[in-house]
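See below for the structure under consideration.
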Amino acid sequence: MSFGSDDLVDDIMRTAPHMIRVFLAFRMACVGCPIATFHTVDDACREHGIDREKFLAALCDCVPA
């Protein structure tokens, strides 16, 4: 399972609920947000002032082996 900057935030949280902790660790208020259904990772990182590459790396680190 891999994630990219074009993936929808809501899709990630629904298909891999364990990833929610990454959003929370970066202080992103995406959990339960209605905008998450159409915001991509890139959109969310830009809105929250998060470095996209660091965030994606954290998501990848959270993927079970």
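The values are calculated or read from the model by the stated rules, or taken from the named source; none is laboratory data. On a predicted model such as this, the values are computed, not experimentally measured, just so you know. For neighbour counting, all protein chains shown are included, and Cβ atoms are generated from backbone atoms with ideal geometry for every residue, glycine included.
Of note:
- Scanning the stretch 33-65 for residues that are farther than 12 Å from Leu8 by Cβ and charged (D, E, K, R) yields Arg46, Glu47, Asp51, Arg52, Glu53, Lys54, Asp61.
- Top-ranked residue of the stretch 26-65 - restricted to ones that are small (Gly, Ala, Ser) and in contact with a helix residue (DSSP H, G or I) (Cβ under 7 Å, 6 or more places away or on another chain), ranked as nearest to Ser5 (Cα to Cα): Ala44
- Of all the criteria given as (1) at pLDDT 95 or above; (2) touching a Gly at 6+ places or on another chain (Cβ under 9 Å), the one not satisfied by Asp51 is (2).
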